[in-house]
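Chemist: The structure's right below; bear with me while I get my questions together.
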């Protein structure tokens, strides 16, 4: 297979004139699934941003005479009430808001650290790579839940929102490790390619090469990872809620609503159905959007 | 490559030491101790318990004591399970988690891999969309939901499979079917997506164009030429992920009432059973290091380019 | 299109694996949770025992197991009332301080006699500080027990003495009519002197342990199963019907219910309260709901503002809508708690209650606002505090209602919830590092004192409120020395009434015991302590 190397002649991604991103946007807009998903994601984001305030019911009002009722038009409990008598639509809006926040914030943290770490380690190689990846190993080898328990219990704050931020940080701080490994793998595969060699020959500094040539070229898998990672993080949050460490009452999240719904699935299936469908739609949209972005950003499609 | 492996293994010991030290210190930062319970024990007894386990010593002395025990192969007594040693508890839990995790990963690699290849070959056609929908569904329905649903259907409604547990006396394969499926679904989802993406990438590469140009049969192009390239990200992912699932899953082990170390770990962390927590961390870390090494070695076997590095 | 052929062979391979696995299915079969032919029962128990050594255990799920292995001087009948166990009968001296127990002739499961010396050994062992028994304080009613346990006196000074092989004399610190209640508790079980001396702490290992009760420990697989087998050497072995009992630690209450629904367990010690209707339909005859000697309550930290002010405590106690919590958050007929000691406690009049108990909630909330204003709170001086709750089972749900009720007193009342792990929660409560916090108390034995001692000054850190009232302490001490049970009950009720008026705690709900029991299992009777010994179990034909 050594003839493979000789055949490689992929052009460098950053061309003059039209920028990479203009190009990508045009191609994204030609993909109907991605465009539809873009609208869905926008709609969901709006719902998350404004829903809790605009909806007729508050997320923490207890209706004492209407506990755990089925969906009804009466009093506009369109998804019924939960086992504490709170409106489920209001809780769903809030859950969506918090889950999206958790997913985005944690993914942003994971991506930033992970991509840079992985690209630098993979590109430089040798002892630096070894040290950087052993560091990842050390962190990786301490179970996720461990970090979270310590973080959640050591840093005691009076503010539930600060606690929430801690959850993001805890989750993001663990997820970047996977990202770093993936990016490093891609970078090792990339660094011997002609365009990188060419840049090196032209006197580009390693940092420039990493940012200009490696990072744009690993964006495909990175975007896939990110769109798949948001659901993973939303699920991780639901796991934390399952053991009582996630979002705290009276706040809620999609994962928490789903795990509560799972407990009620025999007697009140709608309590599972509504958040599960919301999650499904959110994730489907994120995925199609991610795929569209991947195709649009793919340097080989140009 | 052997030299590389040996070098990495030699590196593993300081890595493990670093992990033990970090985990040991982190753990004791968390408030509450193993002996703070709903019912308070007499203060004199609590004092003696604290002394017995050396919890009154400065942290570096405790760590030194722990490492000393470790050097003798002694993980110490459990602080909550008073009749048992940590090593015994782990020995009773680890096999179930390992078998469960390994089975789920093997299942996921085959099913997820095959689905991913199928989706890549049939990109943007019905099969592709089907696989993607499956993958997304697999990710967003958490084991928390899938597990109970499978139990209700197969265990309660149809009575086909045991709903939970292992057998009373022997280790029965049939008891693993539902938990393995539940555990593998998210893995299948992730692997099929990764596989699809990297396979599409691989099929576009010049190497494959060359192979096709040579007139090789399509199946041979896919399986012999494209697959090894496409497997790289999967290998990167599967190494640590395997360690993760083999170290046990709290949700699966709780929902299916299985005696694995995932459940033991979370319970121990909640009860602040320091010695048991450290024991499981040690097992987990060793697994991770070994499987990462295995993944890296496989990477080198599969990727002709990195061999020249 | 050889690719598709390949795919098919892959599927064929998967089919082969499936076939092999289903063969495995035939070899194993499913567990029959209540197997009449094999005379065995599988039990979904709440959790993994932390210890099976009766001197080191501390949970009701451990009691479920250990109580089938050992028999104390007294033991439980089907209704959990104390009846003669190893002691056939006993005398009490006139002052109620000296108890003489006459033991039956019985043996351990290895044939060695189980006699008064084993009991003497056991009492000395649990109260010996070296044993590190966490629960020994239950036996402090025995003369010198507390001092021995604190290491102030040698164990030989303990008020327990074997007069001869079959006579045991126990001296008490003060008269206690409820002593037979305590003696059936696992802290008072005998342990085999010869085995403990030979094996030390390892004596409870299944290979070493011997028992004097109806069942012997055969196997203990951590976090999975505890297997007990009938002990033929038990003194009443001919009346023990079941051969095997299997306990599974079922941390997940929903999974425990499914284990019964699928027929893989014959008894679950819990079920999810809000599924009671579905379970009644799906499992006719299984659902057992009964009142239980347990009280859920909130403590106020009286050692600092705002809860050092009685008016604030009274206001919040008043404004909390327990009726709603009892009827809507719980779904199995739980009762709102307007007092601390649960109804049904023996020899207790149960007359104490919050003075405002009969006033409707809306009016109570108005009165609460008035009290808070009187305490100096208002729009310009808002009341802010944190409510700490355990993040387990129904506790967060109750916390949400409490928060809601308190916020509804007035717009200037702000309550933040903080859910924490149980371990952290109690650490904070003990350190008085909280404003208000939830808790629950299960009776150790059927007597009002098991509740009321929590608020005594000398209880120390576990008096989470930091309540200290000399009059209350005096009444509690007086009750200890009152030999007449009825009079003693009245003194205790007087103390409870005094305490409720000062509201160091806000009682919430008396919860019920919820069991799923196979209807063909006989010898299981609902009872206040939720203790059901397998010794009495039988199989309905």
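Chemist: Quick one: which residue in B:154, B:130 is within 26 Å of residue B:95 (Cα to Cα), in contact with a helix residue (DSSP H, G or I) (Cβ under 9 Å, 6 or more places away or on another chain) and surrounded by fewer than 21 Cβ atoms within 10 Å (Cβ to Cβ)? I'd like the intermediate steps shown before the answer.
Modeler: Details: B:130 fails: within 26 Å of residue B:95 (Cα to Cα).
Step by step, each of B:154, B:130 is checked, and only B:154 is within 26 Å of residue B:95 (Cα to Cα), in contact with a helix residue (DSSP H, G or I) (Cβ under 9 Å, 6 or more places away or on another chain) and surrounded by fewer than 21 Cβ atoms within 10 Å (Cβ to Cβ).
Chemist: Name every residue in segment C:416-453 that is farther than 30 Å from residue C:181 by Cβ, without any contact (Cβ under 8 Å) to a residue 24 or more places away in the chain and more than 11 Å from chain B (Cβ to nearest Cβ), in order of residue number.
Modeler: Listed by number, the list is empty, since nothing qualifies.
Chemist: Let me ask something additional. Output the number of residues of segment B:185-209 satisfying the condition of being more than 21 Å from residue B:300 (Cα to Cα) and either buried (at least 16 other Cβ atoms within 10 Å of the Cβ) or outside the structural domain of residue B:133 (by TED's automatic domain parsing) (or both).
Modeler: Residues flagged as more than 21 Å from residue B:300 (Cα to Cα) and either buried (at least 16 other Cβ atoms within 10 Å of the Cβ) or outside the structural domain of residue B:133 (by TED's automatic domain parsing) (or both) within segment B:185-209 amount to 10.
Chemist: Can you pull out the residues in segment C:258-285 that are closer than 26 Å to residue B:253 by Cβ and assigned to a loop (DSSP other than H, G, I, E, B)?
Modeler: Answer for segment C:258-285, where residues must be closer than 26 Å to residue B:253 by Cβ and assigned to a loop (DSSP other than H, G, I, E, B): C:262, C:263, C:264, C:265, C:266, C:269, C:270, C:271, C:272, C:283.
Chemist: Tell me which of these residue B:96 doesn't satisfy, since it passes every other one: (1) at pLDDT below 90; (2) assigned to a helix (DSSP H, G or I); (3) surrounded by fewer than 18 Cβ atoms within 10 Å (Cβ to Cβ).
Modeler: Result: residue B:96 passes all but (3).
Chemist: Could you count how many residues in segment C:235-245 are in a loop (DSSP other than H, G, I, E, B) and free of Cβ contacts under 8 Å to residues at least 60 places away in the same chain?
Modeler: Residues meeting the conditions: 0.
Chemist: Would you check if residue C:296 is within 14 Å of chain B (Cβ to nearest Cβ) and without any contact (Cβ under 8 Å) to a residue 40 or more places away in the chain?
Modeler: The answer is no for residue C:296.
Chemist: Looking at C:353, C:366, which one is part of a helix (DSSP H, G or I) and in the same structural domain as residue C:498 (by TED's automatic domain parsing)?
Modeler: Answer to the check: C:366.
Chemist: May I pose another question? Which one of these does residue A:88 not meet: (1) within 14 Å of another protein chain (Cβ to nearest Cβ); (2) buried (at least 24 other Cβ atoms within 10 Å of the Cβ)?
Modeler: (1)
Chemist: Of the conditions (1) in contact with a helix residue (DSSP H, G or I) (Cβ under 6 Å, 6 or more places away or on another chain); (2) more than 23 Å from residue C:333 (Cα to Cα), residue C:268 clears all except one; give me its number.
Modeler: (2)
Chemist: Which residue, of C:287, C:211, C:240, is out of contact with any helix residue (DSSP H, G or I) (no Cβ under 9 Å at 6 or more places or on another chain) and either crowded, with 22+ Cβ neighbours inside 10 Å or closer than 19 Å to residue C:534 by Cα (or both)?
Modeler: C:211
Chemist: Being modelled with pLDDT under 95, within 20 Å of the chain's Cα centre (by Cα), surrounded by fewer than 21 Cβ atoms within 10 Å (Cβ to Cβ) and over 20 Å from residue C:302 (Cβ atoms): is that true of residue C:459 here?
Modeler: It is false that residue C:459 is modelled with pLDDT under 95, within 20 Å of the chain's Cα centre (by Cα), surrounded by fewer than 21 Cβ atoms within 10 Å (Cβ to Cβ) and over 20 Å from residue C:302 (Cβ atoms).
Chemist: For residue B:219, are the conditions met, namely being crowded, with 20+ Cβ neighbours inside 10 Å and either over 30 Å from residue A:134 (Cβ atoms) or more than 10 Å from every other protein chain (Cβ to nearest Cβ) (or both)?
Modeler: no
Chemist: Do any helices (runs of 4 or more DSSP H) lying entirely in segment C:111-214 carry at least 1 residues that are within 24 Å of the chain's Cα centre (by Cα), and which ones are they?
Modeler: Values: elements: C:116-127, C:145-149, C:179-183, C:193-199.
In segment C:111-214, C:116-127, C:145-149, C:179-183 are the helices (runs of 4 or more DSSP H) which contain 1 or more residues that are within 24 Å of the chain's Cα centre (by Cα).
Chemist: Among C:429, C:454, C:475, C:371, which is the only one that is assigned to a helix (DSSP H, G or I), assigned by TED's automatic domain parsing to the domain that holds residue C:337, within 30 Å of residue C:58 (Cβ to Cβ) and at pLDDT 95 or above?
Modeler: Working: C:429 fails: at pLDDT 95 or above; C:454 fails: at pLDDT 95 or above; C:371 fails: within 30 Å of residue C:58 (Cβ to Cβ).
Testing whether each residue is assigned to a helix (DSSP H, G or I), assigned by TED's automatic domain parsing to the domain that holds residue C:337, within 30 Å of residue C:58 (Cβ to Cβ) and at pLDDT 95 or above leaves just C:475.
Chemist: Something else now. Counting only residues that are away from chain C (no Cβ under 14 Å) and loosely packed, with under 13 Cβ neighbours inside 10 Å, give me the helices (runs of 4 or more DSSP H) lying completely in segment B:1-80 with at least 3 of them.
Modeler: On the way: elements: B:2-29, B:43-52, B:59-71.
Those helices (runs of 4 or more DSSP H) span B:2-29, B:59-71.
Chemist: Would you mind finding the one in C:345, C:409 that is touching a helix residue (DSSP H, G or I) at 6+ places or on another chain (Cβ under 7 Å), in a loop (DSSP other than H, G, I, E, B) and surrounded by 15 or more Cβ atoms within 10 Å (Cβ to Cβ)?
Modeler: Answer to the selection: C:409.
Conditions (1) at pLDDT 80 or above; (2) within 14 Å of chain C (Cβ to nearest Cβ); (3) farther than 30 Å from residue B:30 by Cβ; (4) touching a strand residue (DSSP E or B) at 6+ places or on another chain (Cβ under 8 Å), marked per residue:
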site: A:259; (1), (2), (3), (4): yes, yes, no, no
site: A:267; (1), (2), (3), (4): yes, yes, yes, no
site: A:270; (1), (2), (3), (4): yes, no, yes, no
site: A:278; (1), (2), (3), (4): yes, no, yes, no
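Chemist: Given C:337, C:265, which one is touching a strand residue (DSSP E or B) at 6+ places or on another chain (Cβ under 8 Å) and in the same structural domain as residue C:533 (by TED's automatic domain parsing)? Walk me through it before giving the result.
Modeler: Details: C:337 fails: in the same structural domain as residue C:533 (by TED's automatic domain parsing).
Testing whether each residue is touching a strand residue (DSSP E or B) at 6+ places or on another chain (Cβ under 8 Å) and in the same structural domain as residue C:533 (by TED's automatic domain parsing) leaves just C:265.
Chemist: Anything in segment C:396-410 that is in contact (Cβ under 8 Å) with a residue 12 or more places away in the chain and more than 14 Å from residue C:506 (Cβ to Cβ)? List them, or say none.
Modeler: The answer is C:396, C:397, C:400, C:408, C:410.
Chemist: Ok, one more. Quick one: would you say residue B:228 is under 23 Å from the mean Cα position of the chain (by Cα), farther than 30 Å from residue C:226 by Cβ and in the same structural domain as residue B:295 (by TED's automatic domain parsing)?
Modeler: no
Chemist: Right, here's the next one. Taking segment A:28-80, which residues are closer than 19 Å to residue C:327 by Cβ, free of Cβ contacts under 8 Å to residues at least 40 places away in the same chain and touching a helix residue (DSSP H, G or I) at 6+ places or on another chain (Cβ under 6 Å)?
Modeler: Correct list: A:62, A:64, A:67.
Chemist: Is one or more of the residues making up segment C:469-486 more than 18 Å from residue C:182 (Cβ to Cβ), crowded, with 21+ Cβ neighbours inside 10 Å and touching a strand residue (DSSP E or B) at 6+ places or on another chain (Cβ under 8 Å)?
Modeler: no
Chemist: If you don't mind, another one. Consider residue A:106 carefully, then state whether it is touching a helix residue (DSSP H, G or I) at 6+ places or on another chain (Cβ under 8 Å), in a helix (DSSP H, G or I), within 14 Å of chain B (Cβ to nearest Cβ) and touching a residue at least 40 places away in the same chain (Cβ under 8 Å).
Modeler: No.
Chemist: If a residue has to be over 18 Å from residue B:250 (Cα atoms) and in a helix (DSSP H, G or I) to count, how many in segment C:246-257 make the cut?
Modeler: Count: 1.
Chemist: Still on this structure, please answer the following. Among the numbered criteria (1) farther than 30 Å from residue C:195 by Cβ; (2) touching a strand residue (DSSP E or B) at 6+ places or on another chain (Cβ under 7 Å), which one does residue C:227 miss?
Modeler: (1) is the only condition that residue C:227 fails.
The values are calculated or read from the model by the stated rules, or taken from the named source; none is laboratory data. Here the structure is a predicted model, which means the values were calculated and not measured. Quick reminder, even Gly has a Cβ in these numbers, built from the backbone with ideal geometry, and neighbours come from all protein chains shown.
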